[in-house]
Structure formats: C-alpha cells, structure tokens
Amino acid sequence: MRMREVAVTVLAAILAGVGWADVASAETVSLRELAQSRGIAFGSAVSAASLAGDASYARTLGSEFGVVTPEDAMKWAVLRPARDTFRWGDADAIVDAAVANGQGVRGHTLVWHSSLPAWLTGGSFTTTELRDVLKEHVQTTVRRYAGRVKFWDVANEVLNNDGSPRAGFWLERLGEEYIADVFRWAHEADPAAVLYLNEYGAETHGPKADALYALVRSLKEQGVPIHGVGLQAHLTGSSRPDQLPALLRRFTGLDVDVAVTELDVRIPVPVTPAGLASQAEVYRQVTAACLAVARCVSITVWGFTDRRSWIGATYPGWGAATLFDDDLATKPAYRSVADVLTRTDPNAPVGHWPLDDPAGTVAADVSGNGHDATVRGAKADGRVPHVTAFAGDGATTEASTGAPVLNTDGSFTVSAWVSMYSTGVPGVVASQDGETRSAFYLMYQKSTGRWEFTVPSADGTEVTWLTARSASAPVLKRWTHLTGVYEAPTRQLRLYVDGVPDGTRDGVTAWRSTKPFRIGRSLSGGRFDGAISDVRAWNRALPAGEVTGISDRTVAAWGFDNAAIDSSPFGRGTSLNSSGATYDSNALKLDGTGCAEGYGPALRTDRSWTITARVNLAAKGAARTVISQSGTVRDAFYLQYHQSYDRWAVIVPSADATGSDWQQVLSTAPPALNTWTTLSAVYDAQAATLALHVDGVRQGDPLPAVKSWPSTGRIHIGCSGTGGRFNGLIDDVKAYVPAA
Ligand code: G3I
C-alpha cells in the first residue's frame, strides 16, 4: 500500500473515533494526526529554552507536531563554544524529548554562513585545517544523532537572491566545493540520514529558484548524496504562494524529496481580523501545495506560537506569524491548515497528471489521491517552452495507474490537452480498463477521422459502441483540449473540443470498471501518436462553464496591482530591472528607463501565438516596446510604438541574426498619448500571417509570408532585449496559444 492509501485508512479511523462534527471544528484532532493521515509530517522549530522552561509550550509541541527542528541548538554558535568543545545540552534535550514523544527530528544545520562562533571566523586556519574542522564538526554531529535524527538540513542558504553563490565565510575560505563535501561527509557519517539543501526565497519562479534547481541538478550529476530540497517559506500575509506546487514538482523531477522547512507568515501588528485572514489564506495555500506534490514529505513551521518567534526582533512592526497566539489559543491560520488537511474538496479531480515531470518514469498524480502513473514513453515538448509532455509513438507507449481512478458507473469527466502527430492510428488519449473492454475511450477515431468519447454497452466481446463524435476534424500538431463527460442521470455522453460542445450521445448506461486508468492507450491497444499533457479525471459531470475554464489557452497573464501576478496555470514571476519601473496600484509604471522581465519564455514563437496588453503611452520620441520575447541577437517579436512611423507596430525579424529583414504591421493611425489602448498581436503559423489589432479593430490585412522562429529567452514587458523602453503604463499582459 502506498503511504497516502494507508493515510486514508488512518484518517477514516480518526474520523470514526471522534465523529465528523468534532473534526469539522478542526480542534480535536491534532495537526500531527491530520497530516499523518494525508501521508505527510507536520512539524515545528523548537526553542530549547522554551522546551525546558515552559510546560504549556512543551505540551502543545508534543501533541500537535510530528517532527521537530531545533531552531538554534544545533548551530555552530551554540554547539561549538570553542574549537575543542561541543556543548550538546540543548540539542540532546530536544532530540531526547522528541524520541520519547514519537516525533521525528530534522537536524538544522551543518553548514551556514550565519551564527558562527568567533573562534572560527576570527581563527587563523589554513584551508586544509579548516576543511578538517568542518569535516570533524559534520561527522561528530551526524554520528552522535544517527538513528535519531533522520533528516538533516545539511547546507543552509547557499545562494544570493540573484542566484549567485552566497558570499560568506565558507565560500570565501573553501570555495564552492564545500557544499558537495559537506553532503558527502554527512552521508559517510550516517548513510541512512536523508540529506537536504535548505533555501529561502525560492518559493516563486525567479533567478534564485532557477539557480537552486541548477545546483541540485549539478550535485546529482556529480553523484553527491543529496536527497531533498527544503524551501523555507518565510512569507507575509500578502504573499501569493501559487507557484509553489510547480516549483516543488520541478525539484522532484530531479529525483529528490521536497519539504517546506521554515514556514511562517508575518503580518503587521497590532493584528487585525483582515490580517489574520490573509495569513490564514497563505498557510492554507502552502499546505495545499505540499499535499498536491507527491514527494512533498513535510511542512515545518518556524515556531508555532507568537509567544516565541524570531519575527518580532527582526521585523519591527511585524509579528504574529505563527499558528497559535501568545496564550496558545489557535488562530484562524491553524484552522485553515487543519481544514486543508481534513477535507478533500468534493469538486476536485480524483486524478490529475500534469505529465510535465522533467525526467523519470513516474507521472505524479497531483490530486493528492496517490494515483501516480507508470510511464512507458518519451518526453515531448509541452504547450510552453521548458514544460514537457507525455510523448505517444502510436505503437508502444502508455502510462497507467495501479488501480482504478473513476467510478465509471456514475457520472464522470475526463479531460486532456493533446497535440496529435499522425492520424494513421486510432489514438486513445484516456481510458479505464474493464475485463475485456475499456469502460470509456476518449480518443481520435481513425475510421471516422474525428475525436470521440465512447462507452461500449457492456464489458464483453459483443457490444454496441455508444459514441459522442466531434463535428470538427482534428488539426495535426496543434494543442487541442478534449473533455468527455458522462452524466449518469440523463444517460448522456458529451464531448467538448477546446471547451466548446462538439458532440453528444443519449441513451448511454456506463458500467463499472475496476482496473487501472490509462493515458495514451486503451486496454486492447489503440495508442496515441502525439503529445498528451494535463490529464484530469473527476467523479462528477463537469458543467459547461467549468469545461471552458479548464480549456483556457492562456500561457501567461500578468496583472499589475502593486505586484506582478501571473494568473495563468504557469504562474510566472517577474522582476523589475531598474528603478525606472515600479508596480503602481493599477499598472506597471515605466519612465522610459526601466522594464519588467517575466521568468522564462512564455510562447513557442515558431507556432501560432497571440499577445495582448493594455497600454497608456506617456511619451513618444523613441522606440517604446510593450512586449517582446528574447532570442540570442534579436527578439522573436516586438509589440511596440514605432517612432519612425509614429504608429503602433508588431514586428517579427526574419531570423535571430543581425542583418535580418523586419516584417512588420503598423497601426493605421498614430497613438494618442495618455489614453488607455488595447493592443493585440496575432501570429498564425499555419497561414504564416501576422496581424495587429488596436482596441479590437484589425489594422489592415494580415501581413502574409511571415515566418517566426523559436526563441527561448525571457518575455520582456516594457523593453526588448536591446532597449526601446516604454514610457507610460502597461497592464493586463496576456500571452496565449490560439485555438484556430
Ligand atoms: O539565547 C540567547 C540569549 O541568551 C541572549 O540573551 C540573546 C541576546 O541576543 O540572544 C539569544 O540568542 C539568540 C537566538 O536566536 C535565540 O533567541 C541569537 O542572538 C539570535 O541570533 C538567534 O536568532 C536565530 C537566527 O536564526 C540566527 O541563528 C533565530 O532564533 C532563528 O529563528 C533563526 O532561524 C533562521 C534559520 O536558522 C535559517 N533560516 C532563517 C531563519 C530565520 O532567520
């Protein structure tokens, strides 16, 4: 049984024991038990002084948390008062109490630039001596707690926010190799310990998250024994950790576990109900994010009571960052964490496979229901650069779960993004096995040349095929969204293509299948030839409005309200590259010297794309770029104000090279200053045309014979790779992949 299946059983037992009403109040079952029931651990940092001197603190710590991290007791400054002295008292007390209490322990931390004793930083050691001191420290500490401290934050905060190696004592004295060395020494000292790299500020996409990913990949490639990545998550009430699931999943693609290691959410003090509510929401999102990622093993809060937290001393005007108040009463944040751990959303998918795992043969089920799929097949390009998809070859490929996912005799829905490479084979996108037939087939049907959602009349050899068939024919190599809905009460099958109803079939009675769910094939074969991404399954019939929602083709959608929030499923961060760019209350404000960069390319610029933005131009006089996506020498496109013509323009250079031709479409009239205007640039790869729309009106005929080339650089908002900075306001920047 998988961890999360065991978990469901445990939860059922807990619920049976205490009754639903008690659980609904979310205070009678501890976070420790609730988290365990969901297959993760819930932990807290612990202060040695409070544990020793504050009985109610110790009681709550013992009952509510399944794992503890010594907050300071294992830091060099505490553990090593002198070169030849280890002071184990505080660390031993914490570990002994945890073991007595059946709690796990996360050791923290073996190497860090901070909290180092003066004898070390002021000492005159040769490099060799210092390496010896470090090795001795690591191995003495790890050996002492072997068997009792299962997890170690081996190296802590080794990167700067721009992704460069963090300057500090160890880097300066030992060079970058110290990181790999410390992991190797720790592993030697306790081969069973699970070794983590721990970092802050990598909870959103950006240079630090990218650099952390690159570092972990490089350590893995060198064979360094690293088993996990900890994201600290010191957040505020206005943090929006909506990129966390994607970031955590990205690391698990490197075959490491992930954990949230130091969660706290500070708010302005004195607290207000609104502050507490915003804090509760952030705790809720982080908890949900960990649950959504198969290899997220634990969430640890950095202190559990406002009575003892590092925040007040470090951030004047802020505080109340934890789950319990000064009197150890639970706060709204506690209840929201308990709530997420308790409830499964009845509307949520029962299986959800993004299929974007960068490596490996397991497609994680991010629904939290543990239906990971084993994959036989390769990786294909996904819908946006750097996001992969399942690649079906039409002959040997598939992904399948170990157990059924859908109750196919009740209402159910299954959906997927597909990009078909060939119509030469009947291509099944999703199915669930019966004994001799699949219970349903969401597929391309070669004999009719259409998308189909089919339920055979019985699980036998002689059957009637009941099919909702699309009116539209598939277009090869274009990402298409398919949804099949079976509505049991009306006995109707419905097929949606790109979110639009495209075929129905009445008089269908589906039957129960009890075998695995498959992606990319049916029970009898019928493998898909093409890419499949983001497969989801629900035990209910999704209404049309929800189908439209899940077929959204947006790949980036930045709104600017004091921050840049990408509300697309790809959740990209942005950075501002100078003081000439600020986030206004309603827009990105640019003075002609700054711009914003989105992390990662958003568009496959050699395929069809559309970008739109609302702009308010304050000054002409130079090229004013609204949006571009960088190549090496040129950008793949420029949506801009063109000073030579005094027009809006969308420009596609013919190649990523100097001396390339410029293919451009101009607006019919000059832009008005200080006026909100909506611009859209549309590249149609099939027709090889480029068009510009101003306030919804196309500007002349689309330009023919335009060929765009693939770029993998960043999206820039307000400048291009070479300059051309915008002066004015920009808002509602959207990039999407058109259906037609
Ligand atoms: O215990 C002494 C006390 O005797 C003395 O009177 C007092 C005077 O300053 O200092 C007390 O020690 C302080 C200790 O916290 C316990 O309160 C240290 O000065 C202070 O530097 C230390 O701060 C800790 C900080 O790391 C630096 O080590 C915080 O408790 C701890 O929460 C914080 O934790 C870090 C993680 O290790 C890594 N990630 C970030 C996180 C927050 O900064």
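The values are calculated or read from the model by the stated rules, or taken from the named source; none is laboratory data. This is a predicted model, so every value here is computed, not measured. Note that we place each Cβ from the backbone using ideal geometry, even for glycine, and neighbour counts take in every protein chain shown. Just the protein is used for accessible areas: all its heavy atoms, side chains included, with ligands, DNA and RNA removed. Shrake-Rupley method; radii C 1.70, N 1.55, O 1.52, S 1.80 Å.
A few remarks follow.
- Of the criteria (1) in a helix (DSSP H, G or I); (2) touching a residue at least 60 places away in the same chain (Cβ under 8 Å); (3) within 22 Å of Val301 (Cα to Cα), which one Arg250 fails: (3)
- Residue list for segment 660-685, filter: polar (S, T, N, Q) and within 38 Å of the chain's Cα centre (by Cα): Ser660, Gln663, Gln664, Asn674, Thr675, Thr677, Thr678, Ser680
- Residue selected from segment 33-75 under the condition over 25 Å from the mean Cα position of the chain (by Cα) and among the charged types (D, E, K, R), by the criterion farthest from the ligand (Cβ to nearest atom): Glu33
- Some residue of segment 314-327 being of a type in the set (Val, Ile, Thr), within 16 Å of the ligand (Cβ to nearest atom) and outside any helix (DSSP H, G or I): yes
- Filter pass, Val105 being within 14 Å of the ligand (Cβ to nearest atom) and among the β-branched types (Val, Ile, Thr): no
- The single residue among Gly382, Gly377, Gly370, Gly410 that is modelled with pLDDT under 95, crowded, with 19+ Cβ neighbours inside 10 Å and more than 20 Å from the chain's Cα centre (by Cα) turns out to be Gly377.
- Residue among Ser367, Ser457, Ser415 that alone is in contact (Cβ under 8 Å) with a residue 60 or more places away in the chain and either touching a helix residue (DSSP H, G or I) at 6+ places or on another chain (Cβ under 9 Å) or over 30 Å from Ser30 (Cα atoms) (or both): Ser415
- Residues satisfying the stated conditions in segment 643-671, i.e. surrounded by fewer than 13 Cβ atoms within 10 Å (Cβ to Cβ) and among the aliphatic types (A, V, I, L, M): Ala657, Ala669
- Residue list for segment 440-459, restricted to those being out of contact with any strand residue (DSSP E or B) (no Cβ under 7 Å at 6 or more places or on another chain) and of a type outside the set (S, T, N, Q): Lys446, Gly449, Ala458, Asp459
- A count restricted to segment 608-638 and to residues that are surrounded by fewer than 24 Cβ atoms within 10 Å (Cβ to Cβ) and either in contact with a Phe, Trp or Tyr (Cβ under 8 Å, 6 or more places away or on another chain) or closer than 22 Å to Asp566 by Cα (or both) stands at 12.
- Extreme residue, most open to solvent (accessible area, probe 1.4 Å), among residues of segment 173-207 that are more than 16 Å from the ligand (Cβ to nearest atom) and either at pLDDT below 95 or closer than 22 Å to Leu263 by Cβ (or both): Thr204
- Scanning segment 529-547 for residues that are in a loop (DSSP other than H, G, I, E, B) and either of a type in the set (S, T, N, Q) or touching a Pro at 6+ places or on another chain (Cβ under 9 Å) (or both) turns up Asn539, Arg540, Ala541.
- Number of the condition not met by Val111 [criteria: (1) open to solvent by less than 10 Å² (accessible area, probe 1.4 Å); (2) out of contact with any helix residue (DSSP H, G or I) (no Cβ under 7 Å at 6 or more places or on another chain); (3) within 13 Å of the ligand (Cβ to nearest atom)]: (2)
The rows are residues; the columns are (1) farther than 28 Å from Arg32 by Cβ; (2) in contact (Cβ under 8 Å) with a residue 40 or more places away in the chain; (3) open to solvent by 40 Å² or more (accessible area, probe 1.4 Å).
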{"residue": "Thr85", "(1), (2), (3)": "yes, no, yes"}
{"residue": "Ala91", "(1), (2), (3)": "no, yes, no"}
{"residue": "Asp96", "(1), (2), (3)": "no, no, yes"}
{"residue": "Val99", "(1), (2), (3)": "no, yes, yes"}
{"residue": "Gly107", "(1), (2), (3)": "no, yes, no"}
{"residue": "Ala118", "(1), (2), (3)": "yes, no, yes"}
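- Those strands (runs of 3 or more DSSP E) of segment 343-421 in which 1 or more residues are among the aromatic types (Phe, Trp, Tyr) occupy 351-353, 388-393, 412-420.
- Considering segment 212-242, and only residues there that are in a helix (DSSP H, G or I) and open to solvent by 20 Å² or more (accessible area, probe 1.4 Å), the residue that is nearest to the ligand (Cβ to nearest atom) turns out to be Leu215.
- Selection from segment 120-150 of residues that are surrounded by fewer than 17 Cβ atoms within 10 Å (Cβ to Cβ), charged (D, E, K, R) and under 18 Å from Glu172 (Cβ atoms): Glu129, Asp132
- For segment 460-468, the condition of being modelled with pLDDT under 95, closer than 22 Å to Val535 by Cα and in contact with a strand residue (DSSP E or B) (Cβ under 8 Å, 6 or more places away or on another chain) holds for none of the residues.
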